[in-house]
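Trainee: First the structure, which I've put down as C-alpha cells, then a few questions once you've had a look.
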Amino acid sequence: MKVYIKNINVWLQGLDNSLSLTSWANNELKLAEDFIIPKPQYYPKGQLRRLSPFSKIALHCLDIPAALSQNLPLIFASQHGDLAKTITLIKDAALGEDLSPTKFALSVHNATSGLFSIATNNTAATTTISAGANTFFEGLIEASMQCQQTNTQVIYSYCDLDVPEEYRQFEQEKPARCITMILSSKRENHNLAAIDIALNNAKADSENTSPAELSFIRHFYSKNNQTIASGNYLISLDFKSCS
C-alpha cells in the first residue's frame, strides 16, 4: 500500500522547522528539556486560554493551508491523549469534588479533533485512533486506507507528550512530539516522499527500541530510506520515486 506526502508539519520538543529537525535527525542537535508551547495562529485568540499544552501542540501542527481550507477527512492518533487533563479529573473525583463538564468534555480522546473541526468549519469525517505502542503505525495505516479507498487527500495527525509523573513507572520517557501530514494516493511532481506500507513477514528487531514516530521523523529529515518495522508492518520512505 503506497501513499504520498504532499505536506508535513512536525513539532518535536520545541523544534518545528526543517533546519533544526534536520540537525536533530543527523545527530547534530540534542533536544532541550524545556520548550515553549506553540500557539496555533489560526485558532480564535479569545479561546486559546481554554487549550491545554497537548491541544495547542496538536492544533499548531494542523496549521497547513490544505488542512485549514479544503474540508479534508482527519485521522487523529494519540496513544495517551490529553493524559495530564485526565489525571486532574481523576484526582478531583478522588477528593469528592464536582467535575467540570467543560474539562471533562475537553479530556476525551477526540476532543482535539473536534476543536479543529469547529475552528476551521471542517464538516468532513474524523477518526480517532489509540493502539498502545503501535498507535503511530495503526493511525498511518487507517489514514492510508481511507486515502486509497476514497481516492482523496486526507489529514493524518499524530500527537503524544511525555506521560505525567504518576504514570512514569509504566512508560519510558519520551519527548513531546507531533506529526501532521496531508496524504494523497496520486503521484505528483511536488510530493515530498512516498510511504510504502507492507506486512512484516520477519520478526521486528528487538534492539530497536526507538518509538516508530521518532524513527519516522529522523528518516524523513535525514532523507533516509531505511525501513521502519513494527510487529506486523514495515514502513519505508522513498524520496527518489515519489513523483
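Trainee: Just the accessible area per residue of the chain, please: how many Å² with a 1.4 Å probe?
Mentor: 51 Å²
Trainee: Another one. With the cut-off at 32 Å, report for the chain the share of all Cα pairs above it, as a whole percent. Intermediate values should be presented prior to the final figure.
Mentor: Working: 5505 of 29403 pairs.
Considering the chain, 19 percent of its Cα-Cα pairs are separated by more than 32 Å.
Trainee: Shape call for the stretch 1-80 from the C-alpha gyration tensor, a ≥ b ≥ c root eigenvalues: rounded (a/c under 1.5), prolate (a/b greater than b/c) or oblate?
Mentor: Cα axes put the stretch 1-80 in the oblate bin.
Trainee: Got a number for carbon plus sulfur as a percent of the chain's accessible area, 1.4 Å probe?
Mentor: Heavy-atom surface of the chain belonging to carbon and sulfur, 1.4 Å probe: 49 percent.
Trainee: Not counting the cut sites, what is the longest span of the chain without trypsin sites (Lys or Arg not before Pro) that DSSP labels loop and that have at most 10 other Cβ atoms within 10 Å?
Mentor: That gives 31-202 as the longest site-free run.
Trainee: If one puts a single equal scatterer on every Cα of the stretch 35-98 and applies the Debye formula without solvent, what log₁₀ I(q)/I(0) results at q = 0.14 Å⁻¹?
Mentor: Log10 of I(q)/I(0), two decimals: -0.55.
Trainee: Any chance you could check the Cα centroid distance between the stretch 132-203 and the stretch 3-55 for me, in angstrom?
Mentor: 16 Å
Trainee: Shifting gears a bit: Out of LEU51, LEU95, LEU106, any idea which swings most in a Gaussian network model of the chain, alpha carbons joined below 10 Å?
Mentor: Most flexible of the set in this elastic network: LEU95.
Trainee: Quick one: among THR102, THR127, THR86, which has the greatest mean-square fluctuation in a GNM of the chain with alpha-carbon springs under 10 angstrom?
Mentor: THR102
Trainee: Quick one: helix 135-150 against the long Cα principal axis of the chain, what's the angle to the nearest 10°, folded into 0 to 90?
Mentor: Approximately 60 degrees, to the nearest 10.
Trainee: Let me see the P(r) profile for the stretch 104-213: every Cα-Cα distance counted, bins of 5 Å, each bin given as a percent of all pairs.
Mentor: Distribution as computed: 2, 9, 16, 21, 19, 16, 10, 5, 2, 0 percent.
The values are calculated or read from the model by the stated rules, or taken from the named source; none is laboratory data. Here the structure is a predicted model, which is why all the values come from computation and not from measurement. Cβ coordinates were reconstructed from backbone atoms using ideal geometry, including for glycine residues, and neighbour counts include every protein chain displayed. In case anyone asks, the SASA skips ligands and DNA or RNA and just uses the protein heavy atoms, side chains included. Shrake-Rupley method; radii C 1.70, N 1.55, O 1.52, S 1.80 Å.
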